[in-house]
């Protein structure tokens, strides 16, 4: 049995949490969704996650704050940020800080797949 790489999705938008894992499964990845950064950190999936798809703006801990917390905990995981409120500069900053990509919602399946391939090349 071949293990599929785990992609964890952290987004407060329920429609994203429902649809993105389905797409990831179709693309050959295992996927698990979380409604908040805090829920992800409290889960048993932190160490198993091969790539993190992370909303930038969420209630409570933001996506960039979660990324910094993972660095603080020495949990190296490639991150793809997603946002509905992108201004370009924020995405460029996050990529400059080590994120694989920052995708503006709604993003194409092709853009997501390219970012995932880049993430797993790094991992």
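The values are calculated or read from the model by the stated rules, or taken from the named source; none is laboratory data. Computed from a predicted model, the values in this text were never measured in an experiment. So basically every Cβ, Gly included, is an ideal-geometry build from the backbone, and we count neighbours across all protein chains shown.
Scan the range 72-94 for residues that are outside any loop (DSSP other than H, G, I, E, B) and either closer than 18 Å to residue 116 by Cα or modelled with pLDDT of 95 or more (or both) and jot them down.
Within the range 72-94, 72, 79, 80, 81, 82, 83, 91, 92, 94 meet the criteria.
Go through 103, 112, 116 for me and flag whichever is free of Cβ contacts under 8 Å to residues at least 24 places away in the same chain, surrounded by 16 or more Cβ atoms within 10 Å (Cβ to Cβ) and at negative phi.
Step by step, each of 103, 112, 116 is checked, and only 103 is free of Cβ contacts under 8 Å to residues at least 24 places away in the same chain, surrounded by 16 or more Cβ atoms within 10 Å (Cβ to Cβ) and at negative phi.
Would you tally the residues in the range 40-61 being in a helix (DSSP H, G or I) and surrounded by 14 or more Cβ atoms within 10 Å (Cβ to Cβ)?
Total satisfying the criteria: 2.
Only one of (1) touching a helix residue (DSSP H, G or I) at 6+ places or on another chain (Cβ under 9 Å); (2) assigned to a helix (DSSP H, G or I) fails for residue 68. Which number is that?
With respect to (1) touching a helix residue (DSSP H, G or I) at 6+ places or on another chain (Cβ under 9 Å); (2) assigned to a helix (DSSP H, G or I), residue 68 is out only on (1).
If I ask for residues that are assigned to a helix (DSSP H, G or I) and either modelled with pLDDT under 95 or over 15 Å from residue 52 (Cβ atoms) (or both), which ones from the range 95-117 would you list?
Hits for the range 95-117 are 95, 96, 109, 110, 111, 113, 114, 117.
Hey, residue 25 hits all of (1) outside any helix (DSSP H, G or I); (2) surrounded by fewer than 18 Cβ atoms within 10 Å (Cβ to Cβ); (3) modelled with pLDDT of 95 or more but one; which does it fall short on?
(1)
Tell me, yes or no, whether the range 73-84 has at least one residue that is surrounded by fewer than 16 Cβ atoms within 10 Å (Cβ to Cβ) and closer than 16 Å to residue 9 by Cβ.
Yes.
Scan the range 87-97 residue by residue and report those that are surrounded by fewer than 19 Cβ atoms within 10 Å (Cβ to Cβ) and touching a residue at least 24 places away in the same chain (Cβ under 8 Å).
Those that are surrounded by fewer than 19 Cβ atoms within 10 Å (Cβ to Cβ) and touching a residue at least 24 places away in the same chain (Cβ under 8 Å): 90, 97.
List the number of the failed condition for residue 38; all other conditions in (1) without any contact (Cβ under 8 Å) to a residue 12 or more places away in the chain; (2) farther than 21 Å from residue 111 by Cβ hold.
It fails just one condition, (1).
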